[in-house]
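Working notes, structure below.
The values are calculated or read from the model by the stated rules, or taken from the named source; none is laboratory data. Fair warning: this is a prediction, and the values are worked out from it, not measured in the lab. Please note: Cβ atoms are built from the backbone with ideal geometry, for glycine as well, and neighbour counts cover all protein chains shown.
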Amino acid sequence: MHFSLKKIRPLLVALGVALLSLTAIPVLSHAQSTPYWMRPSEKQAYPDVNRHPGMWILVSKKTERTYLIDHGKVLYTMLASTGTKGANATPTGTFQIEAERGDFFYNQSSGEGAKYWVSWKDHGIYLFHSVPTDANGNFIKSEANQLGKKAASHGCVRLSVADAKWMYQNIKQGTKVVISDSGNLKQLIKQNS
């Protein structure tokens, strides 16, 4: 059987259009359709805090990252946004996870709240928490989209919603927290391990 290209071209075009229209239907997985600031920062599982009793937390203001570290090794890296300069700067130094934690707060004076918070300084003043929310608990997307890109908070350490929830549910009171202006991860781990 012999077909001329001239005769089957319209059929091939129609078939191509049909196939293209099928592939144009968006098929998004949960991870692809969820904003990055809602998801865990890494694809790997979070570390088991019971298997890493010496785990500590390092926050680099320079890289806008929060690292979970044990025995000189980074177990997990979280995107973060620390405080802007001046009165809103995130304090540097060595601290520890305090007893205070909760699933939501709202600060009337700043006009922002957050979900899944854990205190690390001044008993409820300086926190790890999710990207910011409004008074009704709705995430403020313009603020959330700055996560991991630049300092944006009023002094706390912002995390993705999933990372903040993990911290809230798992991190133990007394866990060491080191906050530094430096981005030299190797040196910071060596100095603080």
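Looking only at the range 141-149, decide whether some residue is within 18 Å of Phe95 (Cα to Cα) and either in contact with a helix residue (DSSP H, G or I) (Cβ under 7 Å, 6 or more places away or on another chain) or of a type in the set (Asp, Glu) (or both).
No, the range 141-149 contains no residue that is within 18 Å of Phe95 (Cα to Cα) and either in contact with a helix residue (DSSP H, G or I) (Cβ under 7 Å, 6 or more places away or on another chain) or of a type in the set (Asp, Glu) (or both).
What about Ser119, is it of a type in the set (Gly, Ala, Ser) and either in contact with a Ser or Thr (Cβ under 6 Å, 6 or more places away or on another chain) or over 19 Å from Val178 (Cβ atoms) (or both)? Judged against the criteria, Ser119 is not a match. Can you name every residue in the range 68-101 that is among the small types (Gly, Ala, Ser) and touching a helix residue (DSSP H, G or I) at 6+ places or on another chain (Cβ under 8 Å)? Hit for the range 68-101 is Gly72, nothing else. In the set (1) surrounded by 17 or more Cβ atoms within 10 Å (Cβ to Cβ); (2) farther than 16 Å from Thr66 by Cβ; (3) within 12 Å of the chain's Cα centre (by Cα), Phe139 fails one condition alone, (3). Just a yes or no: is a residue in the range 111-129 loosely packed, with under 15 Cβ neighbours inside 10 Å, within 20 Å of the chain's Cα centre (by Cα) and in contact (Cβ under 8 Å) with a residue 60 or more places away in the chain? The answer is no; no qualifying residue exists.
For the range 145-176, name all the residues that are of a type in the set (D, E, K, R) and crowded, with 22+ Cβ neighbours inside 10 Å.
If the condition is that a residue be of a type in the set (D, E, K, R) and crowded, with 22+ Cβ neighbours inside 10 Å, then Arg158, Asp163 are the ones that fit.
Every condition in (1) among the hydroxyl-bearing types (Ser, Thr, Tyr); (2) at pLDDT 95 or above; (3) more than 22 Å from the chain's Cα centre (by Cα) holds for Ser21 except the one numbered (2).
Residue-by-condition table, conditions (1) among the charged types (D, E, K, R); (2) over 24 Å from Arg39 (Cα atoms); (3) out of contact with any Asp or Glu (no Cβ under 6 Å at 6 or more places or on another chain):
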{"residue": "Arg101", "(1), (2), (3)": "yes, no, yes"}
{"residue": "Trp120", "(1), (2), (3)": "no, no, yes"}
{"residue": "Val161", "(1), (2), (3)": "no, no, yes"}
{"residue": "Ser180", "(1), (2), (3)": "no, yes, yes"}
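Say we look at the range 83-110 and pick out the residues that are in contact with a Lys or Arg (Cβ under 8 Å, 6 or more places away or on another chain) and among the hydroxyl-bearing types (Ser, Thr, Tyr); which of these is surrounded by the most Cβ atoms within 10 Å (Cβ to Cβ)? Only one residue tops the list, namely Thr90.
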